[in-house]
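Below you'll find the structure, written out as structure tokens, and then a few comments.
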Amino acid sequence: MAVTISPSILSADFANLQAELERISSADWAHVDVMDAHFVPNLTLGLPVVERLAQVSPLPLDCHLMITDPDRWAPAYAEAGAAGVTVHAEAVAAPVRLARALRARGVRAGLAVSPATPVEPLVDLLPELDMVLVMTVEPGFGGQGFLDVCLPKLRRLRAAVGTAGLQVQLQVDGGVSAATIERCAEAGADVFVAGSAVYGAEDAAAVVEQLRDLAERAAAAARAEDPVR
């Protein structure tokens with residue numbers, strides 16, 4: 001699959017989000033972290049803001065819901081204009097039913113796992129999903145250090161996706177930067193969420209293209225070694 005760069009607006013200036021979205025218009029998606037101060041300790045934006053962002057964003061919105069009771073709330077984000085909605089395996093009660101409900105609304109259905117959550121229970125669910133998000137930091141805060149210990153999970157998921165002949169994207173989120181993105185791509189990720197690495201730079205668009213180039217090179221090298229990927 002093609003490399004997808006999805007900068008996280010969690011690191012953007014919340015006082016002027018429309019302008020901050022324009023800064024990353026060369027990216028593929030805009031990653032929107034929704035936190036409820038229950039599933040994670042932090043509190044960010046919610047449905048009304050996502051609905052308004054969908055009206056002005058030059059990019060499709062990739063919503064990552066770090067919330068309790070996503071079975072109840074996730075469909076509303078699809079209806080608010082998100083192009084993709086990802087919920088946490090640790091929080092969802094009926095992942096297949098919810099994924100089907102999201103897909104029925106025409107959006108990408110994703111399932112996320114925190115660093116300590118194994119991915120093996122997800123393998124049988126892969127046909128119901130469009131994307132799996134492997135967190136490489138603990139969910140809830142931006143700017144954390146990258147956890148290499150999560151990379152083997154990406155490798156196992158990539159192998160499972162390939163064995164099943166599926167077109168499931170593998171997203172990585174947390175500490176993604178020029179120093180780490182190649183390792184993520186080599187491990188099997190094809191969707192990359194970067195927050196502070198992009199928005200902390202003077203030229204966000206240049207960083208987006210740098211990350212894309214690094215990921216594409218690493219992914220091509222990995223495919224050359226394993227053509228089945």
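Checked against (1) farther than 27 Å from Gln210 by Cα; (2) surrounded by 20 or more Cβ atoms within 10 Å (Cβ to Cβ); (3) free of Cβ contacts under 8 Å to residues at least 60 places away in the same chain, Asp36 passes all but condition (2). So for segment 143-151 (the condition being touching a residue at least 40 places away in the same chain (Cβ under 8 Å) and either of a type in the set (Val, Ile, Thr) or under 24 Å from Leu98 (Cβ atoms) (or both)), does at least one residue qualify? Checked segment 143-151: no residue is touching a residue at least 40 places away in the same chain (Cβ under 8 Å) and either of a type in the set (Val, Ile, Thr) or under 24 Å from Leu98 (Cβ atoms) (or both).
The numbered conditions (1) surrounded by fewer than 20 Cβ atoms within 10 Å (Cβ to Cβ); (2) closer than 16 Å to Arg158 by Cα; (3) touching a strand residue (DSSP E or B) at 6+ places or on another chain (Cβ under 6 Å) are all true for Leu125 except (3).
Yes or no: Gln210 assigned to a helix (DSSP H, G or I), closer than 27 Å to Ser25 by Cβ and among the polar types (S, T, N, Q)? Yes: the conditions hold for Gln210. If I go through segment 1-40 residue by residue, how many of them are farther than 26 Å from Ala189 by Cα, in contact with a strand residue (DSSP E or B) (Cβ under 8 Å, 6 or more places away or on another chain) and not acidic (Asp, Glu)? Residues that pass the stated criteria total 1.
Is it fair to say Asp28 is out of contact with any Phe, Trp or Tyr (no Cβ under 7 Å at 6 or more places or on another chain), surrounded by 13 or more Cβ atoms within 10 Å (Cβ to Cβ), of a type in the set (D, E, K, R) and closer than 15 Å to Val85 by Cα? For Asp28, the condition - out of contact with any Phe, Trp or Tyr (no Cβ under 7 Å at 6 or more places or on another chain), surrounded by 13 or more Cβ atoms within 10 Å (Cβ to Cβ), of a type in the set (D, E, K, R) and closer than 15 Å to Val85 by Cα - is not met. Return yes when Leu133 is of a type outside the set (Asp, Glu), within 18 Å of Asp36 (Cβ to Cβ) and outside any helix (DSSP H, G or I) and no when it is not. When the stated conditions are applied, Leu133 passes them.
With respect to the conditions (1) assigned to a loop (DSSP other than H, G, I, E, B); (2) of a type outside the set (Ser, Thr, Tyr); (3) surrounded by fewer than 21 Cβ atoms within 10 Å (Cβ to Cβ), Arg103 falls short on a single one, namely (1). Residues of segment 1-48 that are of a type in the set (Gly, Ala, Ser) and over 18 Å from the mean Cα position of the chain (by Cα): Ala15, Ala19, Ala37.
For segment 15-66, what are the residues that are assigned to a loop (DSSP other than H, G, I, E, B) and of a type in the set (Asp, Glu)?
If the condition is that a residue be assigned to a loop (DSSP other than H, G, I, E, B) and of a type in the set (Asp, Glu), then Asp28 is the only one that fits.
Taken together, Ala221, Ala185 contain a single residue that is touching a residue at least 24 places away in the same chain (Cβ under 8 Å), surrounded by 21 or more Cβ atoms within 10 Å (Cβ to Cβ), assigned to a helix (DSSP H, G or I) and of a type in the set (Gly, Ala, Ser), which is Ala185.
Just so you know, all these numbers are worked out from the coordinates, no wet-lab data involved. Predicted, not measured: the structure shown is a model, and the values here were computed from it. Here Cβ is always computed from backbone atoms with ideal geometry, including for glycine, and neighbour counts include all displayed protein chains.
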